[in-house]
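As structure tokens, the structure follows; a few thoughts come after it.
The values are calculated or read from the model by the stated rules, or taken from the named source; none is laboratory data. Predicted model only: the values in this text are computed from it and were never measured. We place every Cβ from the backbone using ideal geometry, glycine too, and count neighbours over all the protein chains shown. Areas reflect the complete protein model, heavy atoms only, side chains present, ligands, DNA and RNA absent. Shrake-Rupley method; radii C 1.70, N 1.55, O 1.52, S 1.80 Å.
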Amino acid sequence: MEVRAISRNVRISASKGRDLARAIVGKKALDAIRMTGFSPRKAAALLNSTLKSAVANAENNEGVPVDSLYVKKAVFDEGASMRRFWPRARGSASPIEKQTSHITVVLSDEYKK
């Protein structure tokens, strides 16, 4: 049985969260929440909220006990980029792309690494 939670269009670049997402794959869900809860990084706070949402989905929708859940998959995918412009000399402008991400967390009650 698998349960998932997705956070879309989060204002952080995907590369800043991928290493943290790889670190929690294969861990128990409660251990992963603890790991992301104590990290000072912005990506950790966003991943923590998505993890808590996935755990709540498992408890409320599927009736699965929390202590039997493992993180099967955690992914930071690239979202849409917001395009902005920065004024430059002599009336020109430089483009700026503000990155967004989609965070996907899949929990399972079977441990497979």
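Observations
- Taking the criterion of being open to solvent by less than 30 Å² (accessible area, probe 1.4 Å), within 10 Å of V71 (Cα to Cα) and part of a helix (DSSP H, G or I), the residues of region 22-42 that qualify are I24, A29, A32.
- Against the criterion of being under 25 Å from A45 (Cα atoms), in contact with a strand residue (DSSP E or B) (Cβ under 8 Å, 6 or more places away or on another chain) and small (G, A, S), S108 qualifies.
- For beta carbons closer than 8 Å, sequence separation of 6+ or different chains, a first residue in region 93-113 that is under 12 Å from G79 (Cβ atoms) and part of a loop (DSSP other than H, G, I, E, B) and a second that is open to solvent by less than 100 Å² (accessible area, probe 1.4 Å) and of a type in the set (V, I, T), the qualifying pairs are Q99/I12; T100/V10; T100/I12.
- Of residues in region 64-91 being open to solvent by less than 60 Å² (accessible area, probe 1.4 Å) and over 19 Å from I12 (Cα atoms), the one nearest to the chain's Cα centre (by Cα): V71
- Pairs are defined by a Cβ separation below 7 Å, a sequence spacing of at least 6 or placement on different chains, a first member in region 55-69 that is over 16 Å from A32 (Cα atoms), and a second member that is among the aromatic types (F, W, Y) and surrounded by fewer than 10 Cβ atoms within 10 Å (Cβ to Cβ); no pair meets this definition.
- Region 43-63 - residue that is open to solvent by 30 Å² or more (accessible area, probe 1.4 Å) and hydroxyl-bearing (S, T, Y) and, of those, nearest to the chain's Cα centre (by Cα): S49
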